[in-house]
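Bear in mind that the values in this text are calculations on the coordinates, not laboratory data. Note that this is a predicted model, so its numbers are computed, not measured. Using ideal geometry, Cβ is built from the backbone for each residue, glycine included, and neighbour counts are taken over all protein chains shown.
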Amino acid sequence: MATTELTETEARKLALHYPPTAGMLLVKIGRAAERWFTEALKPSGLTPRHVGVLFEVRARPTSQQALIDSIGVDPSKLVGLLNDLEAEGLIARRRDPEDRRRHIVEVSKEGRTRLAAAERAAGKVEERLFAGLDEAQRNELHGLLAQVADSSGVLEGCVELLRLSD
């Protein structure tokens, strides 16, 4: 790999003074993306965590326990998120007819509407985030990130879900 010496002026323009590892880049990009998503979602009254819950329950009505497992959030935090969403009329919790001790969480009509608005806002953030990539590069990056998430155990099943959505 060829190296290029930077002029002092060029070096000062860089935010970092070291070549970042792939992991550090993911951390920095993740923090920026979370800030951008949070800001973009403000008009919808939702946070990225709210949107994550809505995506999951839109995909399949599910129990609170299954949500804890699938989105990887502390049970006490999930209850707070669900309370927020229920107070806004975006989800409904009902008793599972097969096990009355369990609640099934479903997205409401209003939840679908607000989620659609959040998806539009998120799309604009993704456009900003990936502006330097063409469509083929975006698709490749998406696949690689899914593979990393899957193989690291962060979000198991990502690769298969992407394959099914094609």
**Complete:** Here the Kirkwood hydrodynamic radius of the chain, Cα-based and in Å, equals 18.5 Å
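How high is the relative contact order of the chain, in percent, counting Cα pairs under 8 Å that sit 6 or more residues apart?
That works out to 19 percent.
Find the Cα radius of gyration of the range 30-81, compare it with 2.2 N^0.38 Å by division, and give the number to two decimals.
Working: Rg = 11.7 Å, N = 52, 2.2 N^0.38 = 9.9 Å.
Ratio of Cα Rg to 2.2 N^0.38 Å: 1.19.
Just to be sure I follow the rule: in the chain, considering lysines 8 or more places apart or on different chains, how many pairs have Cα atoms under 23 Å apart? Could the numbers behind the result be given before it?
Numbers: LYS13/LYS28; LYS28/LYS42; LYS28/LYS124; LYS42/LYS77; LYS42/LYS109; LYS42/LYS124.
Qualifying lysine pairs in the chain: 6.
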**Message:** Could you order the peptides 21-33, 136-148, 47-59, 104-116 from most to least packed, using the average number of other C-beta atoms within 10 Å per residue?
**Reply:** 47-59, 104-116, 136-148, 21-33
**Prompt:** Hey, can you list the DSSP H helices of the chain whose Cα span along the axis is 24 Å or longer and whose average Kyte-Doolittle score is at least -0.5?
**Reply:** 22-41
